[in-house]
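**Q** My questions all concern the structure below.
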Amino acid sequence: MTLESLERADGASTTASPPAGPTRPRRSRPGWVPYLPYLIPGAVGFAVVIGIPFVQNVILSFQKWKGGMAPHHWVGLENYTNLLADEQFWTSFRNSISMIVAMVVVPTLIGLVLASVLFDYLGKTFGSRSAAVLRATYYLPQILPVAVAGVLWNWILNAQTGAVNEVLRSWGVENPPNWLGSPTTAMPSVMLVLVWVQIGYPVVVFMSALQRVDPELYEAAELDGAGWWRRFKAITIPQIRPETFVVVLTCTVAALKVFGPIYVLTRGGPESSTLVPSYYSYLNFFDKSKVGYGAAVANVLTLVIVIVAALILIMQARYERREEGR
Amino acid sequence: MATATLPAPAAAAKNRSRHHRGTARWVVLALAVLVAVAMLVPFLIMLLNAFKSPADYSQNGPLSFPHEFYTEGVKNFWTRVNFPQKLVNSIWISGAVAIAGTLLSLFNAYAIGVGRVKGRLWIVTLFLLATMLPQEALIYPLFTMASDVGLSNSPWSVIIIFTVIQSAFGTYLLSSVLGTFPKALLEAAALDGASRWQVLWKVVFPVVRPTLSVLMIFFFIWTWNEFFIPLVMLTTNDTQTIPVALASLQGDRMMDAPTTNAGALVSLVPAVIFFLLFQRTLTRGVTAGSVK
């Protein structure tokens, strides 16, 4: 929705604004100048909270610094070259792929099916109220603070006192797995929690997207004898492609940035099996007092996010052009 | 277009799907309900065990109904965390950010969308990039900066930071909304001799008010749920927000099963209440925005 409207704003701006050329600025005071004061608070805030800190962080990444009063040592690219040989650094980015699977791929696919089933099938056969109730239930985990969700799941999956293992033991399982505490099960457990947290978001976005699809498309398809699966493939998916891109973009960025759930569930452990870049950066900043190194990790993460987001936006633009070409 | 791409497998298929529908629809409903139950189970387990005594828990496990209505867990958590204080902290920080962030977004978007300042595409792109920035890439300089100006461990540092961070998204969204603002309204106001300030508050503000209220609710919820920056910036117990306070109790010996569950329950109640209160506004605002 937002990306679409930005496109619209872009389109409008190119037609409304004069071509940037040497002729224009010579005119006396263009109409936009009096609006500049309104940008001052935003510009100051942006500079103080985002611009300057970001530049400082880049500078920090070229230094060795233990924080506080310790001296800064200029080391050039050393932090970055060290990263390349750092096994934990690579592990953290490999784990980011698991985060994308758990926060983007699985929720988007399930969300597409659920939204379409609720809207195009259950809503029609059982009334839209039942669909609304189901949708609200799927959305529930989204409204609670992710740290709270993490604390709850941390207990549920706890090896000794957790709900899952208590139940397993009462069913006679001798040695139930240490879900979050063993390197083999920790990542799948974290992924499960993240899927649970994320699923409501695509369902809600896709259902509201479906509302703007012309119902006649569905009616015509139904008259032609197209079953749910046919309508899903031929109408639902293509019609809500813009929203799908928005969901994929926002969730991918969120998956690359994920910190809170990891902090409360596993702290990156055991044996780095759930370490993610943001947590690794935090660890270097505040635990290992390797500020320059942590800054370098954060900068690489920034770069990766920007590249991935740009790729998704380019893909979207290409799809849109192809649609227009049809 | 869509119908053209559909091959029309005649009446046979139609009959089959109609015939199928009798039982199939119940299967589909059952599956959808099953997913809903799976989503609810953690909440139900939490509710069951928040009011169960530790002895009852270790004897009868997590799935049994509590034998007596045990409220020590809630009391433990409430006093240990000093919950009212955390609640006030969270409300103060999120409320201030919601208002200041929306105002800042409105100013930015007024200049970009209505004023059409030069280089606005670059400005919007910059804000969009800012929304993608991981907070780790800002936190250390912000942390140092806050202690330099005497705002370390102060809610003000968190309020200022989130006002700007949230307004990056707000500006991006509002700019495209105001970019399509009806020209006629603006011109009529200008003819009446209204200043830019008056146009903003008397013409633009009333029209975009639904969008602004949605933005405000989003900012409140997002700030409420934020974890990383409050965790780093608010270093002592008395300044912490609810999520940070709950997370920092992890591993504490007093956090037995009932206390953990009671803590999670108490911590999510404000979020749920807030959501229920404003759910109407949210849906109304979103549709009002999209219809226009």
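**Q** Please give, to one decimal in nm, the separation of the simple spin-label points placed at B:ASP148 and A:THR125, each 7 Å out from Cα toward the Cβ.
**A** About 6.4 nm, to one decimal.
**Q** Simple spin-label model, 7 Å along Cα-to-Cβ: A:THR81 to A:LEU192 in nm?
**A** About 4.5 nm separates the two model spin labels.
**Q** Per DSSP H run of at least 4 residues, take -39500 (n - 2.57); add these up for the protein assembly as shown, divide by its residues and hand me the 222 nm value, nearest 500 deg cm²/dmol.
**A** Calculated mean residue ellipticity at 222 nm is -22500 deg cm²/dmol.
**Q** Calculate the FRET efficiency for A:LYS288 and B:ASN82 from the Cβ-Cβ distance with a Förster distance of 41 Å, rounded to the nearest 0.05.
**A** The pair A:LYS288/B:ASN82 has a calculated efficiency of 0.85.
**Q** When a/c is below 1.5 the answer is rounded, else prolate if a/b is larger than b/c, else oblate, so apply that to the range A:209-251 with a ≥ b ≥ c taken from the square roots of the Cα gyration tensor eigenvalues.
**A** Details: a/c = 4.17, a/b = 2.19, b/c = 1.91.
Cα axes put the range A:209-251 in the prolate bin.
**Q** Under 30 Å between alpha carbons, and skipping anything fewer than 8 positions from B:LYS118 in its own chain: which lysines qualify?
**A** Here the lysines satisfying the reach criterion relative to B:LYS118 are B:LYS183, B:LYS202, B:LYS292.
**Q** Order by neighbour count: B:MET216, A:MET99, fewest other Cβ atoms within 10 Å first, most last. Please report the intermediate quantities before stating the final value.
**A** Details: B:MET216 23, A:MET99 26.
If I rank by nearby Cβ atoms, fewest first, I get B:MET216, A:MET99.
**Q** Apply 1/(1 + (r/R0)^6) to the Cβ-Cβ distance of A:GLU324 and B:ARG253, taking R0 = 45 Å, and write down the FRET efficiency to the nearest 0.05.
**A** 0.10
**Q** Under the classification rounded if a/c is under 1.5, otherwise prolate if a/b is larger than b/c and oblate if not, where does the range A:42-195 fall, given a ≥ b ≥ c as square roots of the Cα gyration tensor eigenvalues?
**A** oblate
**Q** How would A:SER116, A:SER273, B:SER152 line up from fewest to most surrounding beta-carbon atoms within 10 angstrom? Intermediate results must be reported in sequence, preceding the final value.
**A** Details: A:SER116 24, A:SER273 19, B:SER152 15.
So the ranking, lowest neighbour count to highest, is B:SER152, A:SER273, A:SER116.
**Q** Compute the Rg/Rh shape ratio of the protein assembly as shown: radius of gyration over Kirkwood radius, all on alpha-carbon atoms.
**A** Value, to two decimals: 0.98.
**Q** Cα atoms only: what Rg and Dmax, in Å, come out for the range A:223-310?
**A** Here Rg and the maximum Cα pair distance are 19.7, 67 Å.
**Q** In addition: If you take the square roots of the eigenvalues of the alpha-carbon gyration tensor of chain B and sort them as a ≥ b ≥ c, do you get rounded (a/c under 1.5), prolate (a/b over b/c) or oblate?
**A** Oblate, since a/c reaches 1.5 and b/c is not below a/b.
**Q** If I take all pairs of Cα atoms in the range A:86-325, what percentage of them are more than 31 Å from each other?
**A** Across the range A:86-325, Cα pairs with separations above 31 Å total 36 percent.
**Q** Let's test the formula: R0 of 22 Å, r as the Cβ-Cβ distance of A:ILE52 and A:VAL306. What FRET efficiency results, to the nearest 0.05?
**A** It comes to 0.70.
**Q** How would A:TRP74, A:TRP153, B:TRP92, A:TRP32 line up from fewest to most surrounding beta-carbon atoms within 10 angstrom?
**A** A:TRP74, B:TRP92, A:TRP32, A:TRP153
**Q** Further question on the same structure: Give the cross-link partners of A:LYS290 among the lysines, using a straight C-alpha distance below 29 Å as the criterion and excluding same-chain residues fewer than 8 apart.
**A** Straight-line reach from A:LYS290, under 29 Å: A:LYS64, A:LYS66, A:LYS257.
**Q** Out of the GluC sites (Glu not before Pro) in the range A:130-236, which ones are loop residues according to DSSP with at most 13 other C-beta atoms within 10 Å?
**A** Passing sites in the range A:130-236 are A:GLU174.
**Q** Quick one: Debye curve from the alpha-carbon atoms of the range B:148-245 only, equal weights, vacuum; give me log10 I(q)/I(0) at q = 0.10, 0.15, 0.17 Å⁻¹ to two decimals.
**A** With one equal scatterer per Cα and no solvent, log10 I(q)/I(0) is -0.43, -0.73, -0.82.
**Q** What distance in nm separates the two pseudo spin-label positions at B:ALA55 and A:LEU223, each 7 Å out from Cα along the beta-carbon direction?
**A** The modelled label-to-label distance comes out at 7.2 nm.
**Q** Determine one quarter of the surface area of the Cα convex hull of the range B:200-264, which equals its mean projected area, and express it in nm² to one decimal.
**A** The directionally averaged projection comes out at 6.6 nm².
FYI, it's all coordinate maths here, none of it is from the lab. Only a predicted model underlies this, so the values are computations on that prediction, with no experimental measurement involved. Note that each Cβ is placed from the backbone with ideal geometry, even for glycine, and that neighbours are counted across all protein chains shown.
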